[in-house]
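Accompanying notes for the structure given below.
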Amino acid sequence: MVNSQIALRDSAPDAVSVWNECLENIKPLVPVMTFNTWFVPIKPIALAGDTLTIQLPNNFFYDWIAERYNSFIAKSIKEVLGEQGVIKYVVMNEELKEPEVTEPQLTSKITMDPSSLSQETTDEADGSEPVESNINPKYTFENFIKGESNQLARAAAYAIGENPGGTSFNPLFIYGGVGLGKTHLIQAIGNAVLQNNRRKKVHYISADRFTLDFVQSIQYNKKQEFTNRFKKLDVLIIDDIHGLSGKERTLDEFFFIFNTLHQAGKQIVLTSDRPPNELTGISDRLISRFNWGLTTDIQPPDFETRMAILNDKADNYGIKLTGEMYDYIATHITSNIRELEGVLLKLLAKISFGFKDITFEMVKKIVKEISTTKKVIIGIDVITKVVCEHMRIDEKKIRDKTRKKEIAEARQIAMYLSKMMTNSTLKMIGLHFGGRDHSTVIHAITETEHRVNTEKRTKDMIEEIQNKIELLCS
Ligand code: ADP
Ligand code: MG
């Protein structure tokens, strides 16, 4: 077969025909979706002797291909060009790529997904209400600064923006800490999809809002309408999915919607504050589905990315800062991009209140204000508050003598977490909970430990409370 292919080709094979033959060989070996996602966008650019040079759209592609499919490609080039055939990869310059993205070479083949056929149906024609996208035009890929910390998430999001439902990133699950750009990225997907095709039904919603709407739909006897609203989407984007933890009926409904959309090849995008396997109060069947596509994190930005973000945003706000000021801000605010923005917004406010010049002192003061505002040290008070909120108990009662079951339980859990999460002595803990002696505290701790080890529900609940406390104090 190899020989006949070579014989059939005319005397000067070009890069395109050689690559097309390689693709023919690879195609039967990988799932269709994988083929469309990873191989179709590759561009053959040169054939020199036995070396075929192919161009990959970005580093993300390169890493992915090199890690997983290098052997397929290496084998196929030998099949086409003979034993001495080799492939050389080059990565398209990221900076050059974006303006070109609407050109046929990257998108024309990929966007031939079957779902695009259904776009002809307008909202009016199918008789349903138009879909509110909830997409904020201010969040785009253009104003999302790339960095090592967000490289994977951004590249995957970008690919989805170009080809929703047609890549193997379905669902796309992005997780990471607060203020790192999760919402920005997933909104950017929505903007890109709509920019490419206004008819696509895109819908962004937070998990909390999803829950609320679902509960209300039941209250007002409109559950079917709720389900229909989601079933017809092309792209469903749910933010902060951890908010569904423990909400069983909402989770069941979400499970149904997830399956319906996924089976129809529609795109699902989710974010969370932690990876799927650390989510508590969500069934295993759903968690395993979260991992069907691509799960990737966003890390806190490195120094260079922080500088780039500051520069970009200061430019946008029309604020002029010295190099020393940039340096100071990027050195002192390290783990939250919203806080970086916060510094600039406060400076902007000063300017609008008549301060003409921004001084270094001013910058230092604002940075200090911002970086100390929410640094709550984990203390028994915070723990008590979160436990009571979570278990819906009046905070005052936890210090009372009452032995009412749910209050006693909350008290024991709060005591246990106080021991686990603070340096407090047993005596201090006892005093805090209405002057109980240290043997009562020991009893509470051992009792709760036992329950954590034997009851999954309790274990999940305590982990969830612990996460909330940590989040609050981070
Ligand atoms: P999260 O959802 O992870 O808590 P957000 O998406 O709300 O974070 O981001 C917080 C703020 O920081 C937003 O205003 C967002 O525009 C900005 N931001 C985050 N990451 C970037 C980035 N890489 N480039 C530019 N702005 C960013
Ligand atoms: Mg967010």
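Quick check on my filter: what residues within segment 166-180 are crowded, with 23+ Cβ neighbours inside 10 Å and either assigned to a loop (DSSP other than H, G, I, E, B) or β-branched (Val, Ile, Thr) (or both)?
Just the residues of segment 166-180 that are crowded, with 23+ Cβ neighbours inside 10 Å, to begin with: 166-167, 169, 171-175, 180.
Of everything in segment 166-180, those that are crowded, with 23+ Cβ neighbours inside 10 Å and either assigned to a loop (DSSP other than H, G, I, E, B) or β-branched (Val, Ile, Thr) (or both) turn out to be 166, 167, 169, 171, 174, 180.
Determine, yes or no, whether residue 234 is over 27 Å from residue 299 (Cα atoms), acidic (Asp, Glu) and either within 16 Å of ligand 1 (Cβ to nearest atom) or in contact (Cβ under 8 Å) with a residue 12 or more places away in the chain (or both).
Values: over 27 Å from residue 299 (Cα atoms): yes; acidic (Asp, Glu): yes; either within 16 Å of ligand 1 (Cβ to nearest atom) or in contact (Cβ under 8 Å) with a residue 12 or more places away in the chain (or both): yes.
Judged against the criteria, residue 234 is a match.
Please determine, by comparing only the residues of segment 188-201 that are crowded, with 16+ Cβ neighbours inside 10 Å and in a helix (DSSP H, G or I), which one is farthest from the chain's Cα centre (by Cα).
Step one: list which residues in segment 188-201 are crowded, with 16+ Cβ neighbours inside 10 Å, which gives 188-194, 196, 200-201.
Filter again for in a helix (DSSP H, G or I), leaving 188-194, 196.
On the way: 188: 12, 189: 11, 190: 13, 191: 16, 192: 16, 193: 17, 194: 19, 196: 22 Å.
Here the answer is 196.
Mind checking which pairs have a first residue in segment 160-186 that is more than 25 Å from residue 468 (Cα to Cα) and in contact (Cβ under 8 Å) with a residue 40 or more places away in the chain and a second that is within 14 Å of ligand 2 (Cβ to nearest atom) and part of a loop (DSSP other than H, G, I, E, B), Cβ under 7 Å, 6 or more apart or different chains?
Matching pairs, first to second residue: none at all.
Can residue 347 be described as at negative phi, buried (at least 20 other Cβ atoms within 10 Å of the Cβ) and either more than 12 Å from ligand 1 (Cβ to nearest atom) or of a type in the set (Phe, Trp, Tyr) (or both)? Show your work before the answer.
On the way: at negative phi: yes; buried (at least 20 other Cβ atoms within 10 Å of the Cβ): yes; either more than 12 Å from ligand 1 (Cβ to nearest atom) or of a type in the set (Phe, Trp, Tyr) (or both): yes.
So residue 347 passes the test.
One residue is enough: does segment 115-131 have a residue meeting the conditions more than 16 Å from ligand 2 (Cβ to nearest atom), in contact with a helix residue (DSSP H, G or I) (Cβ under 8 Å, 6 or more places away or on another chain), under 30 Å from residue 304 (Cα atoms) and modelled with pLDDT under 95? Spell out how you get there, then give the answer.
Start the filter on segment 115-131 by keeping residues that are more than 16 Å from ligand 2 (Cβ to nearest atom), which leaves 115-131.
Subset that is in contact with a helix residue (DSSP H, G or I) (Cβ under 8 Å, 6 or more places away or on another chain): 128-129, 131.
Next, from what is left, pick out any that are under 30 Å from residue 304 (Cα atoms): none.
Within segment 115-131, not a single residue is more than 16 Å from ligand 2 (Cβ to nearest atom), in contact with a helix residue (DSSP H, G or I) (Cβ under 8 Å, 6 or more places away or on another chain), under 30 Å from residue 304 (Cα atoms) and modelled with pLDDT under 95.
Given the conditions (1) over 42 Å from the mean Cα position of the chain (by Cα); (2) in a loop (DSSP other than H, G, I, E, B), and given that residue 424 satisfies all but one, which numbered condition is not satisfied?
(1)
It is to be established whether one or more residues within segment 326-337 are within 16 Å of ligand 2 (Cβ to nearest atom), in a helix (DSSP H, G or I), within 18 Å of residue 146 (Cα to Cα) and touching a residue at least 12 places away in the same chain (Cβ under 8 Å).
We begin by selecting, within segment 326-337, every residue within 16 Å of ligand 2 (Cβ to nearest atom); these are 335-337.
From the residues that got through so far, the ones that are in a helix (DSSP H, G or I) too are 337.
This time we only want the ones that are within 18 Å of residue 146 (Cα to Cα), so: 337.
Adding the requirement that they be touching a residue at least 12 places away in the same chain (Cβ under 8 Å) leaves 337.
The answer is yes; a qualifying residue exists.
Based on this model, can you work out whether residue 155 counts as assigned to a helix (DSSP H, G or I) and either more than 16 Å from ligand 2 (Cβ to nearest atom) or not assigned by TED's automatic domain parsing to the domain that holds residue 258 (or both)?
Numbers: assigned to a helix (DSSP H, G or I): yes; either more than 16 Å from ligand 2 (Cβ to nearest atom) or not assigned by TED's automatic domain parsing to the domain that holds residue 258 (or both): yes.
So residue 155 passes the test.
Mind listing just one residue for me: the one in segment 353-404 that is touching a helix residue (DSSP H, G or I) at 6+ places or on another chain (Cβ under 8 Å), hydrophobic (A, V, I, L, M, F, W, C) and outside any helix (DSSP H, G or I) and, of those, modelled with the lowest pLDDT?
Checking each candidate, the answer is 376.
Looking at segment 176-191, which of the residues that are among the small types (Gly, Ala, Ser) and modelled with pLDDT under 95 is nearest to ligand 2 (Cβ to nearest atom)?
Keep residues of segment 176-191 that are among the small types (Gly, Ala, Ser), which gives 176-177, 179, 181, 188, 190.
Among the residues that remain, those that are also modelled with pLDDT under 95 are: 176-177, 179.
Details: 176: 9, 177: 10, 179: 8 Å.
So, considering only residues that are among the small types (Gly, Ala, Ser) and modelled with pLDDT under 95, the one nearest to ligand 2 (Cβ to nearest atom) is 179.
Condition first: more than 16 Å from ligand 1 (Cβ to nearest atom) and either touching a residue at least 40 places away in the same chain (Cβ under 8 Å) or crowded, with 22+ Cβ neighbours inside 10 Å (or both). Now tell me which residues in segment 259-274 satisfy that.
Initially, segment 259-274 is screened for residues more than 16 Å from ligand 1 (Cβ to nearest atom), giving 259-268.
Within segment 259-274, 261, 262, 264, 265, 266, 267, 268 qualify.
Could you list, ordered by first residue, the pairs with Cβ atoms under 7 Å in which the first is in segment 239-256 and within 13 Å of residue 212 (Cα to Cα) and the second is charged (D, E, K, R) and surrounded by fewer than 18 Cβ atoms within 10 Å (Cβ to Cβ), at least 6 apart or interchain?
Final answer for the pair search is 243/208.
Working carefully through the options 234, 213, 239, find the one that is touching a helix residue (DSSP H, G or I) at 6+ places or on another chain (Cβ under 7 Å), at pLDDT 95 or above, among the charged types (D, E, K, R) and more than 15 Å from ligand 2 (Cβ to nearest atom).
Numbers: 213 fails: at pLDDT 95 or above; 239 fails: more than 15 Å from ligand 2 (Cβ to nearest atom).
The unique qualifying residue is 234.
Filter segment 265-308 for residues that are within 16 Å of ligand 2 (Cβ to nearest atom) and β-branched (Val, Ile, Thr) and give the result.
Within segment 265-308, 269, 271, 296, 298 qualify.
Restricting attention to segment 156-203, report how many residues are more than 19 Å from residue 241 (Cα to Cα) and within 13 Å of ligand 1 (Cβ to nearest atom).
Final tally of qualifying residues: 2.
The values are calculated or read from the model by the stated rules, or taken from the named source; none is laboratory data. Every value quoted in this text rests on a predicted model; they were computed, and no experiment measured them. Quick reminder, even Gly has a Cβ in these numbers, built from the backbone with ideal geometry, and neighbours come from all protein chains shown.
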